[in-house]
Amino acid sequence: MDEQVHRRTFRGEPGALAEVRRFARRALPPGRPAAADFVLLLDEVAANAVLHSDSGRPGGAFEVVIRIRPGALRAEVCDAGPPRRPGTPPPPDWSREAGRGLLLVSMLATDWGTRRLPRGRVVWFELAGAHGLRAA
């Protein structure tokens, strides 16, 4: 199987997150054990794009790219970026409802990272091996 690529641009507003989850569920092969974790992590990274980047400003947008390869799932969220880039997730404040997205990504993803773009950045993660596309 060659790599399958699914790509879509979303409005930079909280209401678009449900669309991101639907897009991911439709793109993923059925019956894969990683699907729930993949959708959860993608939702967290997309929420960060809306809440913490210029993509969340009026008229803003972000792009989601899903790459399906033998044994691996990869998501890339391309946002309009703020001047700072995310780094190592800070220790969570368990008294707050928010602030755990990148912690979840670092705990569940096989690998993840960021890279700068001319006008923003990409936050990506990958689920591979036993967490990837092995049949259920």
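The values are calculated or read from the model by the stated rules, or taken from the named source; none is laboratory data. If you're wondering where the values come from, they're calculated on a predicted model, not measured in any experiment. Note that we place each Cβ from the backbone using ideal geometry, even for glycine, and neighbour counts take in every protein chain shown.
Of the numbered conditions (1) at pLDDT 90 or above; (2) assigned to a loop (DSSP other than H, G, I, E, B), E126 satisfies every one except a single condition; which is it?
(2)
Mind counting the residues in segment 28-45 that are assigned to a helix (DSSP H, G or I), more than 14 Å from A72 (Cβ to Cβ) and more than 11 Å from the chain's Cα centre (by Cα)?
Matching residues across segment 28-45 total 1.
Can you find a residue that is assigned to a helix (DSSP H, G or I), farther than 17 Å from W124 by Cβ and hydrophobic (A, V, I, L, M, F, W, C) anywhere in segment 53-69?
No, the conditions are met nowhere in segment 53-69.
Contact list please: Cβ distance under 8 Å, first residue in segment 106-120 and among the small types (G, A, S) and outside any strand (DSSP E or B), second residue surrounded by 14 or more Cβ atoms within 10 Å (Cβ to Cβ) and at pLDDT below 90, pairs at least six apart or on different chains.
Listed by first residue and then by second, the contacts come to S106/P89.
Tell me whether segment 84-93 contains one or more residues that are modelled with pLDDT under 75, surrounded by fewer than 18 Cβ atoms within 10 Å (Cβ to Cβ), under 15 Å from L117 (Cα atoms) and not acidic (D, E).
Yes, segment 84-93 contains a residue that is modelled with pLDDT under 75, surrounded by fewer than 18 Cβ atoms within 10 Å (Cβ to Cβ), under 15 Å from L117 (Cα atoms) and not acidic (D, E).
Which of the residues spanning segment 1-27 are more than 18 Å from I68 (Cα to Cα), touching a helix residue (DSSP H, G or I) at 6+ places or on another chain (Cβ under 8 Å) and part of a helix (DSSP H, G or I)?
The answer is A16, L17.
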